[in-house]
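Note sheet for the following structure.
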């Protein structure tokens, strides 16, 4: 009979990142969808501006939190580091095949950290979140003249005699029309990337949630609660625990 063991897996830095990210993403998704459908909802300009301001402020927290996690992947515990997150490395494809085969056969392999398929999913999430953060910061500058690019954008589009720092969103009388149109043309592809990357991101997030639930039901254990407590309880010895012993 296998023995239940408790293992310290997710450190505090990883857990804080995860739940701050959940809150930021949820707020950004809801507000973003409202902004996207502002015309259909007949939102006034002032309401749209307020929502965009809140969206950008939440976006700053989202971006800073993601930056923190990128840095923490160099300093966190072994389950938080890039080596345990990114797919690849010696034996990775073999580990993927072994994990899938065991899962389908009804005796899934247990991992303390991310399993081989989980590493693919988490890496994809990081990539999509980075794209969303970078394009969002650019759009904050072109739409609301917010940092880090807002001042440069304001200098570009300000009408003669108008101080760039005094520019306000939705105030065409303050803009040089030709410069403003050029800026909007530059902005357009980033709007498209931001929008469609959001659709990809929300799809992968939904897949991530479904995968966690299915894995917990299939494998047992406490994958979800471990992201609150940092402790994983598994039967017997985990695959990645065995690898650490033999290294």
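Data for the structure
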{"quantity": "Subset of segment 62-76 [crowded, with 16+ Cβ neighbours inside 10 Å and part of a helix (DSSP H, G or I)]", "calculated": "62, 63, 65, 66, 69, 72, 73"}
{"quantity": "Among the candidates 179, 154, 200, 158, residue that is touching a residue at least 40 places away in the same chain (Cβ under 8 Å) and in contact with a helix residue (DSSP H, G or I) (Cβ under 7 Å, 6 or more places away or on another chain)", "calculated": "200"}
{"quantity": "Residues that are closer than 14 Å to residue 142 by Cα and surrounded by 16 or more Cβ atoms within 10 Å (Cβ to Cβ), drawn from segment 156-175", "calculated": "156, 157, 158, 164, 167, 175"}
{"quantity": "Residue within segment 109-125 that is under 15 Å from the mean Cα position of the chain (by Cα) and more than 24 Å from residue 83 (Cα to Cα) present", "calculated": "no"}
{"quantity": "Per-region count, segment 82-91, residues assigned to a helix (DSSP H, G or I) and surrounded by 14 or more Cβ atoms within 10 Å (Cβ to Cβ)", "calculated": "2"}
{"quantity": "When residues of segment 186-224 are limited to those that are out of contact with any strand residue (DSSP E or B) (no Cβ under 8 Å at 6 or more places or on another chain) and more than 27 Å from residue 59 (Cα to Cα), the one surrounded by the fewest Cβ atoms within 10 Å (Cβ to Cβ)", "calculated": "217"}
{"quantity": "Candidate set from segment 134-155 (those that are surrounded by fewer than 18 Cβ atoms within 10 Å (Cβ to Cβ) and in a helix (DSSP H, G or I)); member that is nearest to the chain's Cα centre (by Cα)", "calculated": "134"}
{"quantity": "Residue among 114, 79, 110 that is touching a strand residue (DSSP E or B) at 6+ places or on another chain (Cβ under 8 Å), part of a loop (DSSP other than H, G, I, E, B) and on the phi < 0 side of the Ramachandran plot", "calculated": "110"}
{"quantity": "Matching residues, segment 57-85, being within 25 Å of residue 194 (Cα to Cα) and over 15 Å from the mean Cα position of the chain (by Cα)", "calculated": "57"}
{"quantity": "Given (1) at pLDDT 95 or above; (2) assigned to a loop (DSSP other than H, G, I, E, B), number of the condition residue 185 does not satisfy", "calculated": "(2)"}
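The values are calculated or read from the model by the stated rules, or taken from the named source; none is laboratory data. All values derive from a computational prediction rather than experimental measurement. A quick note on method: Cβ atoms are made from the backbone with ideal geometry, for glycine too, and the neighbour counts reach across all protein chains shown.
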